[in-house]
1. I'm told Thr423 meets every condition in (1) within 22 Å of Thr283 (Cα to Cα); (2) in contact with a strand residue (DSSP E or B) (Cβ under 8 Å, 6 or more places away or on another chain); (3) at pLDDT below 90 except one. Can you identify the failing condition by its number?
2. Counting just the residues of segment 178-228 that are more than 21 Å from Asp34 (Cβ to Cβ) and among the aromatic types (Phe, Trp, Tyr), which one comes out nearest to the chain's Cα centre (by Cα)?
3. Between residues in segment 38-50 that are free of Cβ contacts under 8 Å to residues at least 12 places away in the same chain and residues that are open to solvent by less than 70 Å² (accessible area, probe 1.4 Å) and small (Gly, Ala, Ser), which pairs lie under 6 Å by C-beta distance while being six or more apart or on different chains?
4. Which residue is modelled with the highest pLDDT, if the candidates are limited to segment 98-113 and must be farther than 16 Å from Leu236 by Cα and surrounded by 19 or more Cβ atoms within 10 Å (Cβ to Cβ)?
5. I'm told Ala305 meets every condition in (1) at pLDDT below 90; (2) under 18 Å from the mean Cα position of the chain (by Cα); (3) crowded, with 20+ Cβ neighbours inside 10 Å except one. Can you identify the failing condition by its number?
6. Looking only at segment 473-483, count every residue that is open to solvent by less than 50 Å² (accessible area, probe 1.4 Å) and either among the basic types (Lys, Arg) or over 36 Å from the mean Cα position of the chain (by Cα) (or both) and tell me the total.
7. Which ones in segment 144-179 are in a loop (DSSP other than H, G, I, E, B), open to solvent by 20 Å² or more (accessible area, probe 1.4 Å) and of a type in the set (Gly, Ala, Ser)?
8. Give Ala285, Ala254 a once-over and let me know the one that is assigned to a loop (DSSP other than H, G, I, E, B), under 30 Å from Ala305 (Cα atoms) and either touching a His at 6+ places or on another chain (Cβ under 7 Å) or aliphatic (A, V, I, L, M) (or both).
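The values are calculated or read from the model by the stated rules, or taken from the named source; none is laboratory data. Small disclaimer: the values here were computed from a predicted structure and weren't measured. Heads up, the Cβs are rebuilt from the backbone with ideal geometry, glycines too, and the neighbour counts pull from every protein chain shown. When the accessible area is computed, the model is the full protein with side chains, heavy atoms only, and any ligands, DNA or RNA have been set aside. Shrake-Rupley method; radii C 1.70, N 1.55, O 1.52, S 1.80 Å.
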Amino acid sequence: FIQDFSKAMSQAGSSQFQEVIRQELEYSMKVELDKILATAHSNEIEHTKKDLEGFKKLFHRFLQEKGPSVDWGKIQRPPEDSIQPYEKIKARGLPDNIASVLNKLVVVKLNGGLGTSMGCKGPKSLIGVRNENTFLDLTVQQIEHLNKSYNTDVPLVLMNSFNTDDDTKKILQKYSHSRVKIYTFNQSRYPRINKETLLPIAKDVSYSGENTECWYPPGHGDIYASFYNSGLLDNLIAEGKEYIFVSNIDNLGATVDLYILNHLMNPPNGKRCEFVMEVTNKTRADVKGGTLTQYENKLRLVEIAQVPKAHVDEFKSVSKFKIFNTNNLWIALSAIKRLQEKNAIDMEIIVNPKTLDGGLNVIQLETAVGAAIKSFENSLGINVPRSRFLPVKTTSDLLLVMSNLYSLNAGSLTMSEKREFPTVPLVKLGSSFTKASTWYYLRRFESIPDMLELDHLTVSGDVTFGKNVSLKGTVIIIANHGDRIDIPAGALLENKIVSGNLRILDH
């Protein structure tokens, strides 16, 4: 008994000690944030204060929570009816008054990211993807086509970050005559935290010059607070808008789907969903994607970062967790307003460690938009075709969408009917294609190869492609260090491995 008692006392002591440390850390953080706020100009004080308040809440939760945030034993498969097949939704058809349904919709694109993964500076949305069209051009064309076809007024809202806002706003002038109203709001700006001291590395509010590395946009889960704080949410509700369709601007498959919209506005059981997440079947390439589970009687998104280490392999299993989140979400505006005002949107914290250019280790506290699904009423997953998930994250993805695998119509890309099988080829381009800018990468292709019958392509080293090259089956091209391979114009490579040194300049 004495042993048990002293153990209990020491545990109580250690938890008290931890509590004291937590309080000290929070107090030190508050002092530093107050110092930062004191450096703001009068016109910056209001929004800086809101940003730092939001950050303080997140930091408080970060200190409270320990370890992976899910209890693996509580995870269950979602009930049958909580994830509907898209075919069933589509089979209901469309009502005659689809235009009045469309007029209740707002399209929101997450536009906070930079094009660094493709070797570009500036907003990713301004990278040319197809026939000189950027991600943003294609998005505007899609919505304009909708508005013209149905005589509707679907607006586009861009959630920018402080990294993308200026460049995006300059570009928006070119759409002033298009039939799409475009609004923007900025996600919050939070201070990066020194990993050792758990204090902000910023000393003042400025975020230009040497201070650019001191701040970060806190993930797309910030959409709820920043959309609400911007006043735009209330304005859109006042205009009679009811749902937003949210997706990443680099997902070229995320177009407005009328069947899903109709299902939301005219539910078969009369009870509207406040939150719909589009999921799709996992392939080997998606094993790290977040999945929908049943957890404490609610649909819940579980990300790999929340999984206890012992269960990571189980989480990645394609047989147990068959679907993953595409981040195409349909959310009721009134529900966002209600939950935001009650401070009732609960999203797990993602701790994102970074090493800055100077070698300093920092952490960023982030949240993910889909994680809020458990806070909404009557949520639903819809298992959509893979074609609705076409993200362009790397130059390998870019090569696919530039090729004849896809045709472009009114801003939407669709898989060519000439392709025999519905899956996309696996493309792995080496560092010669990924480290430089997109412009430099395109110089390696006189024209994009014919890839209609390609299964797998690996390219490594200094390789260039002439005009009208065809690739079929599995093609592996490897130029060793110091060598160069030029694939001649008109070449057909079918199930071939090419290596060594191949210069065809003397022809």
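1. Every listed condition holds for Thr423 apart from (2).
2. Only one residue fits best here, namely Tyr224.
3. Pairs found: none.
4. Of the residues in segment 98-113, the ones farther than 16 Å from Leu236 by Cα are 98-99, 110-113.
The next check asks that each one be surrounded by 19 or more Cβ atoms within 10 Å (Cβ to Cβ); those that pass are 110-113.
Values: Leu110: 95, Asn111: 92, Gly112: 87, Gly113: 85.
For segment 98-113, the residue satisfying everything is Leu110.
5. All conditions are met except number (3).
6. Here the count works out to 1.
7. Pass one, segment 144-179, residues in a loop (DSSP other than H, G, I, E, B): 151-155, 161-164, 176-179.
Those left that are additionally open to solvent by 20 Å² or more (accessible area, probe 1.4 Å): 151, 153, 162-163, 176-179.
Residues satisfying the conditions are Ser176, Ser178.
8. Numbers: Ala285 fails: assigned to a loop (DSSP other than H, G, I, E, B).
When all the criteria are applied, what remains is Ala254.
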